[in-house]
Structure formats: structure tokens, C-alpha cells
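Colleague: Before we start, here is the structure in question, set down as C-alpha cells.
The values are calculated or read from the model by the stated rules, or taken from the named source; none is laboratory data. These numbers come from a predicted model, not from an experiment. No Cβ is skipped: glycine too gets one built from the backbone with ideal geometry, and neighbour counts run over all protein chains shown. Surface areas here come from the heavy atoms of the whole protein model, side chains and all, with no ligands, DNA or RNA. Shrake-Rupley method; radii C 1.70, N 1.55, O 1.52, S 1.80 Å.
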Amino acid sequence: MSGLRIPLEGPDGAGTAHALNLLAPNPSPMTLDGTNTWVIGRGEEVLVVDPGPDDGRHLARVADHLRDRRVVAILLTHGHHDHSGGARAFAGLVGAPVRALDPRHRLGDEGLGDGDVVAAGGLELHAVGTPGHSFDSLCFWLPEDGAMLTGDTVLGRGTTVIAPDGDLADYLRSLDRLRATAERVGARALLPGHGPVLSDPIAALDGYLAHRRQRLDQIRRARERGAATPREIVEVVYAEVDRSLWPAAEMSVRAQLDYLDGLRG
Ligand SMILES: [Zn+2]
């Protein structure tokens, strides 16, 4: 059985047949409801994707949920603190290695990169390199459930930002790649790093691509009308967006200016 079971209350407890979200209690404008910690597995072996921030109660809750099941590996979608901060402590709790693209976040001998397959309890997760939100972003394809874990590359609500260690040109290529992959494999769900499960992957990815193109056009026009600094552009382009999100918007505008200037250069 691999049908979706999406509860109405929100991200905590959401998932697919073999993927369960245990929501970390770190809500904010940037993290939405909080970080989604994904437990992937069947039988006695599981994988844990993104232990979340270094929050002892959250990590204990995840460990309690696992009971006697063995954590084969802890995987990180990327190194940002809200996903990786608790990895070391959680590894200590459950006695498992941490695998990530960025060597600084690994614990143990094994890395993780595009094309790697990690198996546990007869299930496989396939790593897909999706740089852009951050330089080290990975998505994980769970064929058994037709589900793609997307980290912060695609969120369950709103849009993601390009972090200072990310790159918009990479990000657009990664979205194109995810869309092509989702179409080829017939993906039925996106399991994001924040926010609810998305049950129409192609529509979600098309929405992300359209939103990026629209923002880039808006920024081009704002510049033509005289907005020069990232802040001035935010005031025009993100006028309708809550001001608590303007610092994130400014980060995103910087990434978009880099991208547009790169196209011209
Ligand atoms: Zn995040």
C-alpha cells in the first residue's frame, strides 16, 4: 500500500505509506510551522532525514517514536541549522552516522551525493543533487511511495529563498531537473522540509518556476523605473508581502540581481 494519508491538522504526522513527518517546534516566518523531520522506513530499519534544530525535546520525541527500530543513517537535505543543528546530538541518541553532501556536516565515513542510493528495511532513497537554495541541497526520491523529499528546494507553502550560499541559476536548473524527474518517474507527492505535503508535484514545480520568472520580470521592471538597491527593489516588488519577510526577500533579491547581472555579463 502506498496511498497518501494526509491529516487535516497540518504537517505533524503527515506523510506517505513509508514516510512520516515529526514536526520540530521551531516555527518562524522562515521555517513556516517548523522543520519537518522525516522518518522513512518499514519494519525494523529506518532512515531519518533532517533531525532539525538542536532541540532536546524534539530529538527525544523522534527517538521515542522509533522505539526499537534501528536508524541505519541520518541524512541531511542540506546544512542549514534548522535542518542539521540537532544531527550530532541525535546521532548520539540513536547511534547512527550522519550523511550529508557537505563534509563538515558528516559523522562517520560515508558522504552523500547525487545518484547515491541509501537502503533501509527493504526501501531505497535515491539522492538527487539540487543545488540552488544552498550549495549543498539534495532531494531524496522514495520510489516505494512515489514521493520526493525536497528539503528547502520546494516548500509546502509559499516559496523558498536563495540563501547566501545558494545560487539562482543553479536553483532554476534544479527545479527543471526535479520537474523532469517527477514527470519521468510519476511522482505522486512532494515531502518538503517545511509545510504540508504537496500531492500534485508537477503543478507545484510549475508554480515555483512561474513564480521565479514573474519575480525576475518584476525586478527587471523595478530597476528600469529607478530602484537601485536590494532594499529599494524589495519595497516595490514585495510591497504586498508582510514586512517580517522583507529581510528574506532582500536576500532573495540579491540572488536575483546576481543572476540578472550574470546573464548580462
Ligand atoms: Zn529550512
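Colleague: When only residues in region 10-23 that are at negative phi and free of Cβ contacts under 8 Å to residues at least 60 places away in the same chain count, which is surrounded by the most Cβ atoms within 10 Å (Cβ to Cβ)?
Modeller: This residue is 22.
Colleague: Would you point out which residue out of 254, 221 is assigned to a helix (DSSP H, G or I), farther than 17 Å from residue 166 by Cβ and open to solvent by 20 Å² or more (accessible area, probe 1.4 Å)?
Modeller: Details: 254 fails: farther than 17 Å from residue 166 by Cβ.
Among 254, 221, only 221 is assigned to a helix (DSSP H, G or I), farther than 17 Å from residue 166 by Cβ and open to solvent by 20 Å² or more (accessible area, probe 1.4 Å).
This table checks each residue for (1) within 16 Å of the ligand (Cβ to nearest atom); (2) under 20 Å from residue 42 (Cα atoms).
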| site | (1), (2) |
| --- | --- |
| 63 | no, yes |
| 68 | no, yes |
| 87 | yes, no |
| 106 | no, no |
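Colleague: Next question. Among the residues of region 135-146, is there at least one that is within 20 Å of residue 248 (Cα to Cα) and away from the ligand (no atom under 15 Å from the Cβ)? First the steps, then the outcome.
Modeller: Within region 135-146, the subset within 20 Å of residue 248 (Cα to Cα) is 135-137.
Narrowing further to those that are away from the ligand (no atom under 15 Å from the Cβ): none.
Checking region 135-146: not a single residue is within 20 Å of residue 248 (Cα to Cα) and away from the ligand (no atom under 15 Å from the Cβ).
Colleague: Tell me the residue from 160, 153 that is hydroxyl-bearing (Ser, Thr, Tyr), in contact with a Cys (Cβ under 7 Å, 6 or more places away or on another chain), closer than 28 Å to residue 71 by Cβ and within 14 Å of the ligand (Cβ to nearest atom), please.
Modeller: Numbers: 160 fails: in contact with a Cys (Cβ under 7 Å, 6 or more places away or on another chain).
Only one candidate qualifies: 153.
Colleague: Within region 40-64, which residues are touching a residue at least 40 places away in the same chain (Cβ under 8 Å) and over 22 Å from the mean Cα position of the chain (by Cα)?
Modeller: 42, 43, 44, 45, listed by residue number.
Colleague: Can you run down the residue pairs with Cβ atoms below 6 Å, 6 or more apart or on separate chains, where the first is in region 110-138 and free of Cβ contacts under 8 Å to residues at least 12 places away in the same chain and the partner is open to solvent by 20 Å² or more (accessible area, probe 1.4 Å) and not in a loop (DSSP other than H, G, I, E, B)?
Modeller: Note: pairs meeting the criteria are 117/124; 117/126.
Colleague: Hey, another quick one. Pull out all pairs, ordered by first then second residue, where Cβ-Cβ is under 6 Å, the residues are six or more apart or on different chains, the first lies in region 72-89 and is more than 21 Å from residue 131 (Cβ to Cβ), and the second is among the small types (Gly, Ala, Ser) and within 10 Å of the ligand (Cβ to nearest atom).
Modeller: Matching pairs, first to second residue: 86/52.
Residue-wise test of (1) open to solvent by 50 Å² or more (accessible area, probe 1.4 Å); (2) within 16 Å of the ligand (Cβ to nearest atom).
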position	(1), (2)
27	yes, yes
40	no, no
54	yes, yes
80	no, yes
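Colleague: OK, next. Among the candidates 170, 176, which residue alone is in contact with a Gly (Cβ under 8 Å, 6 or more places away or on another chain) and open to solvent by 40 Å² or more (accessible area, probe 1.4 Å)?
Modeller: 170
Colleague: Going through region 179-196 one residue at a time, which ones are within 16 Å of the ligand (Cβ to nearest atom) and open to solvent by less than 20 Å² (accessible area, probe 1.4 Å)?
Modeller: Once the filter is applied, which keeps residues that are within 16 Å of the ligand (Cβ to nearest atom) and open to solvent by less than 20 Å² (accessible area, probe 1.4 Å), region 179-196 yields 190, 191, 192, 193, 194, 195.
Colleague: Hey, another quick one. Which of the numbered conditions does residue 93 fail, given that it passes all the others? Conditions: (1) away from the ligand (no atom under 16 Å from the Cβ); (2) surrounded by 21 or more Cβ atoms within 10 Å (Cβ to Cβ).
Modeller: (2)
Colleague: On to the next question. Inspect region 241-252 for any residue being of a type in the set (Gly, Ala, Ser) and more than 30 Å from residue 21 (Cβ to Cβ) and give the result as yes or no.
Modeller: No, the conditions are met nowhere in region 241-252.
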